[in-house]
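The values are calculated or read from the model by the stated rules, or taken from the named source; none is laboratory data. Just so you know, these numbers come straight off a predicted model, no measurement behind them. Glycine also receives a Cβ, built like all others from the backbone with ideal geometry; neighbour counts cover every protein chain displayed. Heads up: the accessible areas ignore ligands, DNA and RNA and are worked out on the full protein's heavy atoms, side chains in. Shrake-Rupley method; radii C 1.70, N 1.55, O 1.52, S 1.80 Å.
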Amino acid sequence: MSQPLYMAAVFFPLLGAFIAGLFGRKIGDRGSQIVTCGGVLVAAALSIKIFVDVALHGEIHAFTLAPWIQSGTFTVNWGLQFDTLTAVMLIVVNGVSSMVHVYSVGYMGHDKSIPRFMSYLSLFTFFMLMLVTSDNLLQMFFGWEGVGLASYLLINFWYEKESANNAAIKAFLVNRVGDFGFALGIFGCFLIFGSVQFADMFHKAPDLANLSFLFLGHTLPALTTVCLLLFIGAMGKSAQLGLHTWLPDAMEGPTPVSALIHAATMVTAGVFMVARLSPMFEYAPMALMVVTLVGALTAIVAGSIGLTQFDIKRVIAYSTMSQLGYMFFAAGVSAYSAAIFHLMTHAFFKALLFLGAGSVIHAFSGEQDMRKMGGIWRKIPITYAYMWIGSLALAGIGLDGVFGMAGFYSKDMILESAAASSHWFGHLAYWLGVIVAFMTAFYSWRLLILTFHGRPRADAHTMEHVHESPWIMLGPLVPLAIGAIFAGWYADDWFVGAARSNFWNGSIFVLAQDNTIDKAHFIPEWEKWLPMGFALPGIIFAYVFYTLKPDLPGKVAKACGGLYRLVYHKYYFDELYDFLFVRMASRLGRIFWVGGDDGIIDGYGPNGVAALTGRIAKYIGALQTGYVYHYAFAMVIGVAAFVTWFWFRS
Amino acid sequence: MAPWPVLTTITFLPLIGALLILLFVRGDEQKRSVVLAQQIALWTSLLTFVVSLTILHYFDASQSGFQLTEKHVWIPSFNIAYYKGIDGISIWFVLISTLLTPICVLSAIGGVHKRTKEFMIALLTLETMMIGMFTALDFVLFYLFFEGVLIPMFLIIGVWGGAGRIYAAYKFFLYTFLGSVLMLVAIFAMVYHVGTTDMTAMMGNKFPKDMAIWLWLAFFASFAVKTPMWPFHTWLPYAHVEAPTAGSVILAAVLLKMGGYGLIRISIQMLPTASAYFAPLVFTLSLIAIVYTSLVALVQTDMKKLIAYSSVAHMGFVTLGIFSMNQQGLDGAMLVMISHAFVSGALFLCVGVVYDRLHTREIARYSNMADNMPRYALVFMIFTLASIGLPGTSGFVGEFLSLQGAYLANSWLAFVGGLGVILGAAYMLWLYRRLFYGPDVKDDVRLLPDLNAREYCMFVPLIVLVFWLGVHPATFINVFAPTTDKILADYHQAAGSERTP
């Protein structure tokens, strides 16, 4: 396939965004929908072809489009690179994006700003594509901040809503904190590698494994430091513990946005980054340890919060965060390919769950609180089936050697790799991961039961209007559902099986002694079975809690008291950050403004001088007239005096 | 070489326009004379811009020295010459001046309603002074124009400003004048030492270390006020708030750059050893400026004050980059200055758009404007994003390179400076959210009309440049890179230090 077609897979969405964004009023709602959906669907079709060429036939393509920044030895081009890692991401991004575009035609059908919405979606897709096709760190950063912008715009899509405004700013700023780390990482990379092109960096990384450099006054191992700085960026974008507070709030955006950006694609960018930089991370074992620990902790913290929330979208959001934790600790134990495998399967089933949840919310006329749902599974059977498929895939249900849902293959591979790790943190991650498997199953079925079963808790008026979504919304879920069922079973061999070294074709690098995916075959049999052994009881517990003994959850919550409140209030991260940063920043700002600028600087500076001159002026005359020409005159006199003085001296 | 004195032409073309207005426009407040004055000013400034584009054609971008030079003996007994020329650095400031003046005229056509004739004269005179300053290669000429800029600007604030204009103009004058006096003394000392007023003769390492240190401080007093650097910045918010829109635009886009330009042209090129000596001081002040003024911007309730404080923070990146003394830092500083000219100029124009309609700069008076002014919202968003340095816009390239340069000098600089990038996003998005989003809709705000054709003409060129510089900065870098490269080579040779990539 030729270069223009590769470029089309990246730039068609931009074209769609451009046309719908600037000429939306001219071409109308329908025109905007056609242009943007068309752009992304074509890009998706091309992505499949690219996947076949690159991942299955082993071609690697790289195009330099134009120079971007050149300053001294710092050189960066606009370039596209297509290896297997990129090709997988293209399928995920363009595939899910095109389905979300079509779904949005129905879901957002009655909105007053359809062209704007479609344009933002396509713009997001473009930035995401730039991120995954980049051949250097800086263009990746371009896509990285670009998807952050698109996310900001889409969370804020209903801009009359104050909660949406706040959530959008929060998302952008928390991501900026991550990007601050990312940028410092880029600076550091240029210092140690002399380049920010991936090829140059990866080529030099092995020789620099033991290099030390000075960072913030400390002598630190160079590779580990830059890897950790870059990882701060990944933590921000992928909502890992500490920089995660924006993701649940981001659910203020329309549901298709949550599915595309805050579940399937953008939030996985951090995982992609670590996999892309595997040739660096492999030589920074300390960094890998941090990645593993952060991932494992995020998985369990988010999973536990997910157990207690009542907003249907927030439950899925915390689930996403938790699954991202899985992906990170997989990367941390050098099972990058398992991380990307889970990224891919997760994209299918989580987009399915979100869009299914959108369909539920649609049915309930906008209600998102699960306490006000229930009893509708017969009324919207197709959505119900989708949600089952998504939940089964998420919980990773399957039978080894026979068949499993998508998540079964990828999640098991992650846990087995962690168990096979030769490091202590790998084993810790395994055990936390197993507990999370229980939590995942529990909150998934809690969601299913609360939403669809039991007696209806919505008011009669709402219940009358409960209806199945139109086919423009249900149709796009078919490919996602197929993916959620079969993707793991079908792609297992490529991603993490025998064919994987041909498949990845060098786009992921693992040191021989860290090959946890190989070693995973030799872990004890019980360690392989344990995740399933925890997931199934999760389902049973949920059934007991929410169907057989519906008064049990309240009792348990009461019995746990403080612990329950801690989890229910999301470990008080928001309150802590609000106190530490938001209030502190505005307090400092006020102190500097009123006390610093107006008080000290002006008080002793110009105003003080003015007061002083005023006092002197009282005695020696009215020098301080306030007329321009007086000042100008004084200036000229002064210059003249100087010139004269000089004249006589020389 | 140009076959005609192109620099003199573009310097004095605006002044000729000002004279035409003075001579031919009679009667001050009649509609006809107002329109005539506006037309003359607009066409003169446009003509100047078109003529100034020819210097890009005549300029040989592969050379590092001064080009298009014009030298005529002026006062032979003192070795003073009328000496003009540009290099890869000053060429951009000339072009920024000539680009923004017609845009300011357009803005003033909608925003200035009293003494229009005099306003246009002041604006055109100001343009002559700015171009004259950036093209001067003789210290006397340089000083004349450097101070000359003050007078029309002072008048623009003092006559056409808002309610507190007298205090603002006085503060502006006091600060800058104090700096200028010290600079004048330093110029005398340098001229006395070298025996000529030729600025090119003073480059390199011509002054003994002790003397250089005093000279450096004297110049720094002037440039630190102009830039402005913390703690010499408190005149800026007042000047901006009170100035009419066109005045704010010129002030932010061009006048502040006189500080950065002076730091490169005089501090670095003429006093390299002292610059090396004082670099830690500049770093400290820059970092304070970035964090301090960003925090102050966060709590502002006046649009113009907020953008004024953001300017101080952005200039912090400039001084950080310049004194990093490496290619990325200096190139980054240049790009921040060029970008800031477009972006802050445009942001002040944006404020002007609603100020002309509702006559208030109070942020709380506005809300939800995305609804009834979608095009305005888009334009404002583009410049907001450029201001917070989103990759792909002009703000990113400069900020990134200057921080990269700062990192190479010392990682602490990039670390603290990077905090400013986070805070920058905070105060700009918070501003945008209060103006354009939100639940409460005010009746008079809802009735505001969207951008008109005149306003489009102001914004479109700046939008094009913001993306051009963001996506293809080579257009700009390639012109100044040979010069910055030479400046750094000379600097490191003089300071006896080693040059990093």
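Looking at chain B, which longest stretch skips every one of the GluC sites (Glu not before Pro) that is in a DSSP loop with at most 15 other Cβ atoms within 10 Å, leaving the sites themselves out? All intermediate terms of the calculation are to be shown ahead of the outcome.
Values: sites that count: B:Glu29, B:Glu498.
It works out to B:30-497.
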If R0 is 25 Å, what FRET efficiency do you get for B:Asn478 and B:Ala2 from their C-beta distance, rounded to 0.05? 0.80
Roughly how far apart, in whole Å, are the Cα centres of segment B:263-324 and segment A:439-487? 56 Å
With unit charges on the beta carbons (Lys and Arg positive, Asp and Glu negative) and the dipole taken about the Cα centre of chain B, which residue among B:Ala61, B:Ala426, B:Gly111 sits farthest to the positive side? B:Gly111
Could you work out the mean projected area of the convex hull around the alpha carbons of segment A:48-109, in square nanometres to one decimal? 6.3 nm²
If you average the alpha carbon positions of segment B:411-482 and of segment B:2-49, how far apart do those two centres end up, in angstrom? 31 Å
Let me make sure I get this right: for segment B:105-189, a, b and c are the square roots of the gyration tensor eigenvalues over alpha carbons, sorted descending. Under 1.5 in a/c it's rounded, otherwise prolate if a/b > b/c, else oblate. Which is it? oblate
A:Phe522 and B:Thr301 label points (each 7 Å along its Cα→Cβ direction) are spaced in nm at 7.1 nm
7 Å from Cα along Cα→Cβ at both A:Asp574 and A:His467: what's the point-to-point distance in nm? 3.4 nm
Dividing the convex hull volume of the alpha carbon atoms of segment A:476-521 by its residue count, what do you get in Å³ per residue? 96 Å³
Student exercise, chain A dipole from Lys, Arg, Asp, Glu Cβ charges, in Debye to nearest 20: 1480 debye
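What length, rounded to one decimal in nm, is gained on full extension from B:Ser497 through to B:Leu19, with 0.36 nm per residue of separation minus their alpha-carbon distance?
This chain segment gains 167.0 nm when fully extended.
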Shape call, the protein assembly as shown: gyration tensor on alpha carbons, a/c limit 1.5: prolate
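Summing Lys, Arg as +1 and Asp, Glu as -1, what charge do residues with Cβ under 13 Å from the Cβ of A:Met584 carry, A:Met584 excluded?
+2
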Quick check: from the Cα gyration tensor, does segment A:478-595 come out rounded (a/c under 1.5), prolate or oblate? oblate
Expressed as a whole number of Å, what is the distance separating the alpha-carbon centroids of segment B:340-387 and segment B:150-211? 33 Å
Accessible-area ranking of A:Thr84, B:Thr301, B:Thr475, largest first, probe 1.4 Å: B:Thr301, B:Thr475, A:Thr84
Count, for each residue of A:153-161, the Cβ atoms from other chains sitting within 10 Å of its Cβ, then give me the mean as a whole number. 3
Within chain A, longest stretch free of exposed trypsin sites (Lys or Arg not before Pro) [DSSP loop, at most 12 other beta carbons within 10 Å]: A:379-650
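How many square angstrom of accessible surface are buried between A and B, both sides summed, with a 1.4 Å probe and rounding to 100? All intermediate terms of the calculation are to be shown ahead of the outcome.
Details: alone 27360 and 18160 Å², together 39080 Å².
By this definition, chains A and B bury close to 6400 Å².
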Go through A:Met532, A:Val290, A:Tyr572 and say which Cα lies farthest out towards the positive end of the charge dipole of the protein assembly as shown; charges sit on Cβ, +1 for Lys and Arg, -1 for Asp and Glu. A:Tyr572
Tell me, what is a quarter of the convex hull surface for the C-alpha atoms of segment B:184-326, in nm² with one decimal? 8.7 nm²
With point charges of +1 on the Cβ of Lys and Arg and -1 on the Cβ of Asp and Glu, referenced to the Cα centre of chain A, which listed residue (A:Ala559, A:His244, A:Gly148) lies farthest in the positive direction of the dipole? A:Ala559
The ³J(HN,Hα) series, computed from each phi in segment A:437-449 with the Karplus coefficients 6.51, -1.76 and 1.60 at θ = phi - 60°, rounded to the nearest Hz and given as x for glycine or proline, is 4, 5, 4, 4, 4, 4, 6, 5, 6, 4, 5, 4, 5
Looking only at chain B, where both bridge partners belong to it, what percent of the DSSP beta bridges are antiparallel (to the nearest 5)? 90 percent
Which FRET efficiency value, to the nearest 0.05, is calculated for A:Arg25 and B:Asp444 with the Förster distance at 25 angstrom and r the Cβ-Cβ distance? 0.50
Expressed per residue, the solvent accessible area of chain A in Å² (1.4 Å probe) is about 37 Å²
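Which value, in Å to one decimal place, does the Kirkwood hydrodynamic radius take for segment B:6-499 when every pair of different Cα atoms is included?
Result for segment B:6-499 stands at 22.5 Å.
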Taking amide H positions as placed in the peptide plane 1.01 Å from N, state which residues far from A:Gly396 in sequence (5 or more) or on other chains have amide H under 5 Å from it. A:Gly407, A:Phe408
